């Protein structure tokens, strides 16, 4: 299992323990229709459902960048609702991991505790 996929799975398990649900968006399997290859790029990895809000989440490992379509999606969603789209990143450090929550423009939260990472989403105020 890739590091990003393992991180996503761990996040989902912690979210479940905290009364939230992470619904992952499966990768699209390319199909041939009428002799043409049809494939779509998913806009983000998952949807996080908390008791108060719903968030579009893109998971990244280390310093991976958003692809152009992910950045466009994030910016479009943020223009409508500042708290709709987040990049959740895991960076391995000596003897621990650093987790960050980012918008398309800035890091807004950092912790070394994955439980605190999920709890941040449960406590984002409605007005953000």
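The values are calculated or read from the model by the stated rules, or taken from the named source; none is laboratory data. Only a predicted model underlies this, so the values are computations on that prediction, with no experimental measurement involved. Every residue, glycine as well, gets a Cβ built from its backbone with ideal geometry; the counts of neighbours run over all protein chains shown.
Odds and ends about this structure:
- Note on the range 103-118: residues that are within 18 Å of residue 52 (Cβ to Cβ) and either in a strand (DSSP E or B) or touching a helix residue (DSSP H, G or I) at 6+ places or on another chain (Cβ under 9 Å) (or both) amount to 5.
- Test result for residue 80, in contact with a strand residue (DSSP E or B) (Cβ under 6 Å, 6 or more places away or on another chain) and either under 19 Å from residue 26 (Cα atoms) or loosely packed, with under 14 Cβ neighbours inside 10 Å (or both): no
Let's see how each residue does on (1) modelled with pLDDT of 95 or more; (2) touching a strand residue (DSSP E or B) at 6+ places or on another chain (Cβ under 7 Å); (3) closer than 19 Å to residue 81 by Cβ:
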position	(1), (2), (3)
2	no, no, no
6	no, no, no
12	yes, yes, no
30	no, yes, no
38	no, yes, no
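- Members of the range 92-102 found to be surrounded by 17 or more Cβ atoms within 10 Å (Cβ to Cβ) and assigned to a loop (DSSP other than H, G, I, E, B), listed by number: none
- The range 49-72, residues that are touching a strand residue (DSSP E or B) at 6+ places or on another chain (Cβ under 7 Å) and not in a strand (DSSP E or B): 62, 66, 70
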